[in-house]
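S.K.: This structure is in structure tokens; I'll ask about it shortly.
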Amino acid sequence: MPKTTRKGDAKQSEIPSTLRRSDEKAQRTFAKTYDSAVETYDGDEQRAARTAFAAVKHTHEKVGDHWEPKEKNGPSDARAEGGGPDGDAPTAGGVDANASKKHLYEVASELDVSGRSRMTKDELVEAIGKENDRRTRRARESDG
């Protein structure tokens, strides 16, 4: 099912909840990329969704239960840099693992991640990812 309206806006009922809580650019990016990818991949909706999230991750990072614009566009993690879903590199789940440690610390502060001042960059990425998952779960429970 198409994720965009005739005007090119995202259909709220068709996009993931984390994107419904995000800005219009993230919603449009996901919806337009998804619709194009479904055609490209002969109706493979799972592959289209992965492609659409990859596009969102180039311009946005997941913070809590929604997506926020990144300071600098580009791949979010080693897998995105490698250009494919089949690589050996782990994904950071929407956390901008390529951001500076300072930025990651600021995101961890915003999310009130405990112990953040003693964490390495990799530990910050992991802790932010876990907190994002927790907040997304809570938001979905209260939505439903």
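S.K.: Percent relative contact order of segment 63-144, based on C-alpha pairs within less than 8 angstrom and at least six residues apart?
M.R.: RCO, segment 63-144: 35 percent.
S.K.: With springs connecting C-alpha atoms under 10 Å apart, model the chain as a Gaussian network and identify which of S36, S76, S117 has the largest mean-square fluctuation.
M.R.: Greatest mean-square fluctuation among the candidates belongs to S117.
S.K.: Also, quick follow-up: Just to confirm the number: angle between the C-alpha axis of helix 45-59 and the first principal axis of the chain, 0 to 90 degrees, nearest 10?
M.R.: 50
S.K.: Here's a follow-up. Could you tell me what percent of the accessible area of segment 51-144 is made up of carbon and sulfur, with a 1.4 Å probe and every protein chain present?
M.R.: Accessible surface attributable to carbon and sulfur in segment 51-144 totals 47 percent.
S.K.: When Lys and Arg each count +1 and Asp and Glu each count -1, what net charge do the other residues less than 15 Å away from V95, Cβ to Cβ, add up to? List each step's numbers first, then the result.
M.R.: On the way: positive: K57, K62, K70, K72, R79, K101, K102, R116, K121, K130, R134, R135; negative: E61, D65, E68, E71, D77, E81, D96, E106, E110, D122, E123, E126, E131, D133.
Counting the neighbours of V95, the net charge comes to -2.
S.K.: Under the classification rounded if a/c is under 1.5, otherwise prolate if a/b is larger than b/c and oblate if not, where does segment 59-144 fall, given a ≥ b ≥ c as square roots of the Cα gyration tensor eigenvalues? Write down the numbers at each step before the final one.
M.R.: Numbers: a/c = 1.66, a/b = 1.19, b/c = 1.40.
In terms of gyration-tensor shape, oblate.
S.K.: Sticking with this structure for a sec: Binning every alpha carbon pair distance of the chain at 5 Å from zero, what are the percents per bin?
M.R.: Going out from 0 Å in 5 Å bins, the chain shows 2, 10, 18, 20, 21, 15, 8, 4, 1, 0 percent.
S.K.: If you split all Cα-Cα distances of segment 1-73 into 10 Å bins from zero, what percentages do you get per bin, shortest first?
M.R.: 23, 54, 22, 1
S.K.: I would also like to ask the following. Compute the angle between helix 24-40 and the longest alpha-carbon principal axis of the chain, please, reported from 0 to 90 degrees and rounded to the nearest 10.
M.R.: 50
S.K.: Out of residues 5 or more away from W67 or on other chains, whose amide H comes under 5 Å of its own, with H placed 1.01 Å from N in the peptide plane?
M.R.: Those lying under 5 Å, H to H, from W67 are S22, D23.
S.K.: Next question, about the same structure. Hey, what's the chain come to in accessible area per residue, 1.4 Å probe, Å²?
M.R.: Value for the chain: 59 Å² per residue.
S.K.: Connecting C-alpha atoms closer than 10 Å in a GNM of the chain, tell me which of D44, D35, D65 has the biggest fluctuation.
M.R.: D44
S.K.: How far, in degrees from 0 to 90, does helix 101-110 lean away from the longest principal axis of the Cα atoms of the chain, to the nearest 10?
M.R.: Taking Cα atoms only, the helix is inclined about 80 degrees.
S.K.: Take every Cα pair under 8 Å in the chain that's 6+ residues apart, average their separations, divide by the length, and report that relative contact order as a whole percent.
M.R.: Rounded, it is 18 percent for the chain.
S.K.: Now, a different point. Who wins for biggest fluctuation among Q46, Q27, Q12 in a Gaussian network model of the chain, springs between alpha carbons below 10 Å?
M.R.: Q46
S.K.: About the Cα centre, and with charges only on the beta carbon of Lys, Arg (+1) and Asp, Glu (-1), how big is the dipole of segment 1-55? Nearest 20 debye, please. Before the final figure, lay out each step's value.
M.R.: Numbers: 11 positive and 9 negative charges, 53 e Å.
My answer is approximately 260 debye.
The values are calculated or read from the model by the stated rules, or taken from the named source; none is laboratory data. Note that the structure is a prediction, hence the values are computed from the model and not measured. We place every Cβ from the backbone using ideal geometry, glycine too, and count neighbours over all the protein chains shown. Ligands, DNA and RNA are excluded from the accessible area calculation, which covers all protein heavy atoms including side chains. Shrake-Rupley method; radii C 1.70, N 1.55, O 1.52, S 1.80 Å.
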